[in-house]
Amino acid sequence: MILLNPKRRAPRYRDERSDALVQKTIDFFEQKGKARLRKDDIDRVWYADFLDFQKREKLFATFLTPAALGSGRTRWDTWRNCELNEVLGFYGLPYWYTWQVSILGLGPIWMSGNEALKRRTAQLLDGGGIFGFGLSEKEHGADIYSTDMELVPARGGGYLARGDKYYIGNGNEAALLSVFGKIAGSGEYAFFAVDPRRPAYQLVKNVVASQSYVSEFVLRDYPVGEEDVLLRGQAAWDAALNTVNVGKYNLGWASIGIATHALYEAMRHAASRRLYGMAVTDFPHVRRMLTDAYARLVAMKLFALRASDYFRSASREDRRYLLFNPTVKMKVTTEGEKVIDLLWDVIAAKGFEKDTYFEMATRDIRALPKLEGTVHVNIALIVKFMKNYFFAPGTFPDVPRRDDPADDAFLWDQGPASGLSRIRFQDPAPVFAAWDQPNVAVFREQLAIFKDMLARATPTEEQAKDVDFLLAVGELFTLVVYAQLVLEGARLQPGDADGDCVDQIFDVLVRDFSRHALDLHEKPASTPAQMAYALKMIRKPASGLARYERVWRNVLALRDAYEMSP
Ligand SMILES: Cc1cc2nc3c(=O)[nH]c(=O)nc-3n(C[C@H](O)[C@H](O)[C@H](O)COP(=O)(O)OP(=O)(O)OC[C@H]3O[C@@H](n4cnc5c(N)ncnc54)[C@H](O)[C@@H]3O)c2cc1C
């Protein structure tokens, strides 16, 4: 089955240790049990038990140390990290968050040329350390150009760091924090390592009410030697963006894990609850909502898995991941919200109960679209690729399923973060043409009209500066990219991503396309010609009762598939 079922997990890796570590992580949470998981969440208990477990098992050390810096048993393997991301999200966002911000904190270190600090970091990881990424500041949000953190040259050499950072995960217990700032005087960007145990590091508070510690901290003339500097100038700027390229990919997996656990709980409840002498799952509208939730979730996973193939195969010449990763971040995470909304409308009051996983999911699923650049920031990024995607395709060798145990060294050598509008993509037409499912055909028609609109009623320069208008176009473009990789992923996914499932997914995507087309039509800035195209894009999905019934049977079977240990 494509969805994670921790109680029926099949081995996935060629080395036993990787499977054993994922299984031990699952066992840790199942032994902890749902009651304790919820109590710790409600009481906002710092997850020291999980951190002890990961330290004992060298979990983060094994998964997050590049092979070149490890003891021979470590590698950075995105395929493997996908599953750990998913498992941690499945049991609770705080557990995922401490792993995620460790990844972000390690990014500038693994990208740095400071070999001594890299070796020290590998030792700290091996000893069970966690890490953090000090980019955000209270006053500046997404505007990282305006960072106020300063490195002031000190008399005897080195620098004194002055400034504060806000929203920085693990700021209470990190072994090291990678902090972003500017060199006073020159304004040159820099990344430097901060040890929170030193006296000039002042932890102010946890800014959120959560098990996670999302810190505000101040550096008060914190001494930074040359040996603490990770990167300077353009390399530091590129490292900030390239680290987020890695981190934003993980956000989608947290959403997938959360939505999967919520789906199991919701199915069990709805199928066993009887109203008016019948099961809640006998209502036709409930079936429709649950089938949509399932189709959306399978699509999220197909897309994220396929994006991993491109990420792992990337090079300085093939940078297609720079479109696919923000799509994971922006689209997969917002799809996660839709899944929870659909399920919540079905289980209603149950979703408020304090002993359910679901109650946490309703809160936590909202975080992922907002972290590491909002949805808007990511759509604004994605539209930069639209022209080349549709009108200037390149030629690339096929990217296979990348489930091999490689060490993804390219992630630390991504190169300049600029030049996005020069990136080429393969022609998506053959991917869409290879499926004869009726709803893929309807989607193809919508896509053709959209492309025609871009060619013949091309957004003007003025419209391109209007972010409100741009976002509407961006949603349609993102949907096309999403659909492409869902189809590619389905070809590579044996089992339940079959023709029926794909057709059901495209039933949803056709409706989404129509909705976004209507949105474009209604934008104040759209021209009469664009409005006419937008109306032509609105289509009804192809009905297919037999297919729908077959998919529904698979969805209903999830009622007994998984329940967390009490
Ligand atoms: C729980 C939590 C944990 C976090 N952990 C970390 C961490 O460990 N390290 C870290 O460095 N940061 C962290 N952050 C910060 C997070 O990455 C920022 O919140 C995020 O980047 C957005 O900034 P903001 O929320 O201040 O929004 P703002 O930047 O204030 O944005 C306001 C509005 O403007 C829009 N906007 C801004 N810029 C653009 C643009 N270019 N194009 C279109 N629209 C735009 C936004 O979409 C939004 O609607 C964390 C935040 C939270 C809530």
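Residues being more than 16 Å from the ligand (Cβ to nearest atom) and in contact (Cβ under 8 Å) with a residue 40 or more places away in the chain are entirely absent from the stretch 166-182.
Selection over the stretch 321-359 of residues that are of a type outside the set (Val, Ile, Thr) and open to solvent by less than 10 Å² (accessible area, probe 1.4 Å) gives a count of 14. Consider the stretch 125-140 and keep the residues that are loosely packed, with under 14 Cβ neighbours inside 10 Å and within 16 Å of the ligand (Cβ to nearest atom). The one that is farthest from ASP228 (Cα to Cα) is GLU139.
Just to be sure before I move on: is GLY336 closer than 26 Å to GLY132 by Cα and part of a loop (DSSP other than H, G, I, E, B) in the structure I sent? In short, no.
Among all residues of the stretch 139-146, there is at least one that is of a type in the set (Val, Ile, Thr) and modelled with pLDDT under 95. Scanning for something within 23 Å of the chain's Cα centre (by Cα), of a type in the set (Gly, Ala, Ser) and crowded, with 22+ Cβ neighbours inside 10 Å, does the stretch 110-118 turn up at least one residue? No, the stretch 110-118 has no match at all. Residue check: PHE303 meets all listed conditions (1) open to solvent by 10 Å² or more (accessible area, probe 1.4 Å); (2) of a type in the set (Phe, Trp, Tyr); (3) within 23 Å of LYS338 (Cα to Cα) but one, namely (1).
Within the stretch 19-36, residues that are within 19 Å of LYS58 (Cα to Cα) sit with their Cβ atoms under 7 Å from residues that are open to solvent by less than 10 Å² (accessible area, probe 1.4 Å) and of a type in the set (Ser, Thr, Tyr), at 6+ positions apart or across chains, in these pairs: LEU21/THR62; PHE29/TYR91.
Residue-by-condition table, conditions (1) within 28 Å of LEU302 (Cβ to Cβ); (2) of a type in the set (D, E, K, R):
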| residue | (1), (2) |
| --- | --- |
| GLY33 | no, no |
| ARG44 | no, yes |
| ALA67 | no, no |
| ARG80 | yes, yes |
| GLY89 | yes, no |
| TYR97 | yes, no |
| VAL101 | yes, no |
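Restricted to the stretch 360-376, and to residues there that are in contact with a helix residue (DSSP H, G or I) (Cβ under 6 Å, 6 or more places away or on another chain) and either farther than 23 Å from ILE42 by Cβ or of a type in the set (D, E, K, R) (or both), the residue that is nearest to the ligand (Cβ to nearest atom) is GLU372. Checking the structure you have, find out if any residue of the stretch 428-446 is assigned to a helix (DSSP H, G or I) and either closer than 18 Å to LYS331 by Cα or modelled with pLDDT under 95 (or both). Yes, some residue in the stretch 428-446 is assigned to a helix (DSSP H, G or I) and either closer than 18 Å to LYS331 by Cα or modelled with pLDDT under 95 (or both). Among strands (runs of 3 or more DSSP E) entirely within the stretch 151-258, having at least 2 residues that are crowded, with 24+ Cβ neighbours inside 10 Å singles out 159-169, 176-183, 189-194, 214-224. Residues that are within 12 Å of the ligand (Cβ to nearest atom) and of a type outside the set (A, V, I, L, M, F, W, C) within the stretch 147-163 comprise just one, THR147.
The values are calculated or read from the model by the stated rules, or taken from the named source; none is laboratory data. Keep in mind that this is a model prediction, so the values were computed, not measured. In this analysis, Cβ positions are derived from the backbone assuming ideal geometry, glycine residues included, and neighbour counts consider all displayed protein chains. Surface areas here come from the heavy atoms of the whole protein model, side chains and all, with no ligands, DNA or RNA. Shrake-Rupley method; radii C 1.70, N 1.55, O 1.52, S 1.80 Å.
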